[in-house]
Amino acid sequence: MALSAWISRLRSSSRPIHTKFRNSFSLKHCAAVSKSCAAEVPAAERFRKPSSSCWGGSLLPLAFAVSAGSLALHSHYNNGPSCCESPNVDQTDKRIGGTGSTGYEVKGSLRKVPQELIEELSVICKDNMTMDYDERYFHGKPQNSFHKAVNIPDIIVFPRSEEEVSKIVASCNKHKVPIVPYGGATSIEGHTLSPSGGVCIDMTQMKCVKSLNVKDMDVVVEPGIGWMELNEFLEPYGLFFPLDPGPGATIGGMCATRCSGSLAVRYGTMRENVINLKMVLANGDIVKTGSRARKSAAGYDLTRLMIGSEGTLGVITEVTLRLQKIPQSSVVAMCNFPTIKDAAEVAMATMLSGIQVSRVELLDEVQVRAINLANGKYLPEVPTLMFEFIGTESYSREQTLIVQKIASEHNGSDFVFAEESEAKKELWKIRKEALWACFAMAPNSEALITDVCVPLSHLAELISRSKQELDASPLLCTVIAHAGDGNFHSVILFDPKKEEQRKEAERLNGFIVHAALDMDGTCTGEHGVGTGKMKYLEKELGMEALQTMKRIKAALDPNDIMNPGKLIPPHVCV
């Protein structure tokens, strides 16, 4: 099929996909962002005064690393982390987590914040704090998180420096009040919930580029800067940060959830792309985890300990990132398949061929249908693979032709590719807007998004088995996969007003997770644990590993104020 005809399908309608689901913040050049770091932030931006109107719009799902709500493990703020509960047992008598550890509505106890703490925070933060109900509701009720909380934070603070974060945390620790670090607020696993109230530390004012080392290809940033803002700043230098999760994700949150994105197949996850970081521990101590050297054998790897800790061990205040050169040339290709298993097998065959692809993304026919309905497009509604090849112009073309041959050997058809900038943007726009297309297809629905990952050799089997279960369900379900590294998502849409639909969504999620775990996979490839995945960790990691994690947590946070109730199941005892 001619590329021009294929592209015309994409451009058949300019009708936008439900803009209410788009991120509300505007991208500004990071040079301006960095410059503004030395300037005063207007009081209207730092301190929202009480208003009769509530926050409008919707939030994108994101996991800000150190964002964390507190699941109620304790009756009072000042209980230590020794409390544990009896495990739940599923229908197959498998221990899957602590009592209430993954309930749809995360419960928690709430007690009044000491007046002394409020006064201490007002001295530390001055105007950069609020107890306004609308602001607290906005921070405590992420609209696109599957899990909900019974309570919201008591106080919101907006620190503008590492020193302020240290003082805030130390003061909360003294009064044994929970801390809920917060960034882009787009978590889909309940990371920003505050079921036990406490203090929400909004890190979005800390978004400076502190230093750029072009010759070393690294950059030092504060945690509140978004990856899209950062790449806008880096572009004039011919550099970019290669991880690309959902729009709105901030660097701090990307660290603490160990996120990745579509480029992970080429560049790795946050684990491989963070050189060092700085964090504030529960007692207020500021710790730097390493130097800027590209490799080091000096002591425990504290950097990797913090990557994926979800705010349970400390608040990230600075990150040094590894950068990459912007590719000289790239080619984006798409190919259709009769079955989703055929598509998954081509992804595996491509990886085994040794070709250095930068992206391999899979969409099922339901997802393509959502894209068509949302945009008035006319793409073939069949399982589809998307590829991106980078390198020199000749090398990118050579890789494209090799993959085209592999696809043809697995029933692939309509293989099209683009090299022109605008055509590539049109093709890639399909994948980037996949989630919003789902919401546009069912605008009154909420979504439960799965996040399993398996060894690549098991991906085709897992997707095939899951697809059969999804298609048999009365719910509307789509499949989106980072097929190059074995990570796949299902967007399961349900009516939040219908309890039977929510339970069916949870059943489907459980089926997919247990299937992945049975294949030596993981319950979460990139979204993190939060409250939603705790019940699966014992099966995946074993009780000994969870007890070791809890001992580390108890050593660094003896009062259990840092993100209590997240990551570690409540039934784990030490």
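The values are calculated or read from the model by the stated rules, or taken from the named source; none is laboratory data. Predicted model only: the values in this text are computed from it and were never measured. Backbone-built Cβ (ideal geometry, glycine too); neighbour counts: all protein chains shown. Accessible surface is based on the protein model in full, side chains and every heavy atom, while ligands, DNA and RNA are left aside. Shrake-Rupley method; radii C 1.70, N 1.55, O 1.52, S 1.80 Å.
Before moving on, here are some points about what is shown:
- Sorting the Cα pairs of segment 143-210 by distance into bins of 10 Å, from 0 upward, gives 20, 49, 27, 4 percent per bin.
- Per residue, the solvent-accessible area of segment 321-401 (1.4 Å probe, heavy atoms of protein chains only, all protein chains present) comes to 35 Å².
- Charge dipole magnitude, Cβ of K and R +1, D and E -1 - segment 297-388, Cα centre, debye nearest 20: 240
- Stretch gain in nm, segment residue 272-residue 305, where the contour uses 0.36 nm per residue and the Cα spacing is subtracted: 10.6 nm
- Point-to-point label distance, residue 297-residue 237, nm (Cα→Cβ direction, 7 Å offset): 3.1
- Rounded, prolate or oblate (a/c below 1.5 giving rounded, otherwise prolate when a/b exceeds b/c) for segment 326-400 by Cα gyration tensor: oblate
- In the context of the full set of protein chains, segment 423-574 has a per residue accessible area of 34 Å² (1.4 Å probe).
- For segment 305-383: relative contact order, % (alpha-carbon pairs under 8 angstrom, 6 or more apart): 28
- Largest accessible area first, the residues 237, 378 order themselves as 378, 237 under a 1.4 Å probe with ligands, DNA and RNA left out.
- Solvent-accessible heavy-atom area per residue, rounded to whole Å², over segment 129-282 at 1.4 Å: 26
- Each distinct pair of alpha carbons in segment 257-409 adds a 1/r term; the inverse of their mean, the Kirkwood radius, is 18.4 Å.
- Carbon and sulfur %, accessible surface of segment 456-574 computed with the full protein complex present, 1.4 Å: 51
- Size of charge dipole - segment 123-242 - debye, nearest 20, with Cβ of Lys, Arg +1 and Asp, Glu -1, no other charges: 420
- Simple point charges give the picture: +1 on the Cβ of Lys and Arg, -1 on the Cβ of Asp and Glu, and for segment 411-491 a dipole about the Cα centre of about 80 debye.
- Cα gyration tensor shape for segment 441-566, rounded if a/c is under 1.5, else prolate or oblate: oblate
- Whole-Hz ³J(HN,Hα) from phi, Karplus 6.51 cos²θ - 1.76 cosθ + 1.60, for segment 532-541, glycine and proline x: x, 10, 4, 5, 9, 5, 5, 5, 6, 9
- In this structure, the amide hydrogen of residue 225, modeled 1.01 Å from its nitrogen in the peptide plane, lies closer than 5 angstrom to those of 251, 252, counting only residues at least 5 positions away or on a different chain.
- HN-Hα J in Hz across segment 545-561 - Karplus 6.51, -1.76, 1.60, θ = phi - 60°, x for Gly and Pro: 5, 5, 5, 5, 4, 5, 5, 4, 4, 5, 5, 8, 9, x, 8, 6, 9
- Between residue 326 and residue 420, the C-beta separation translates, for a Förster distance of 22 Å, into a calculated FRET efficiency of about 0.85.
- Pairwise label distance in nanometres, residue 543 with residue 127, each label 7 Å out on the Cα-Cβ vector: 5.6
- Extent of segment 423-481 along its three principal axes (Cα atoms, max minus min coordinate, largest first): 32, 31, 16 Å.
- Separation of the residue 551 and residue 397 label points, Cα + 7 Å toward Cβ, nm: 6.0
- Net length gained if the chain between residue 574 and residue 408 were fully extended (0.36 nm per residue, minus Cα distance): 54.2 nm
- Among the listed pairs 207/425; 148/425; 126/176; 176/288, a Cα-Cα separation exceeding 26 Å is found for 207/425; 148/425.
- Residues residue 495 and residue 110, FRET efficiency given R0 of 41 Å [Cβ-Cβ distance, rounded to 0.05]: 0.90
- Taking amide H as placed 1.01 Å from N in the peptide plane, the amide H of residue 147 sits under 5 Å from that of 190, each at least 5 places away or on another chain.
- Whole-Hz Karplus values for segment 257-268 come out as 9, 6, 6, 9, x, 6, 8, 4, 4, 9, 10, x Hz, taken residue by residue from phi with 6.51 cos²θ - 1.76 cosθ + 1.60 and θ = phi - 60°; glycine and proline positions read x.
- Amide H contacts of residue 239 (H built 1.01 Å from N, under 5 Å, at least 5 apart or other chain): 326
- Here segment 291-442 exposes an accessible surface that is 53 percent carbon and sulfur, computed with a 1.4 Å probe and the other protein chains kept in place.
- Eligible lysines near residue 295 by straight Cα distance, threshold 24 Å, same-chain separation 8 or greater: 210, 215, 278, 325
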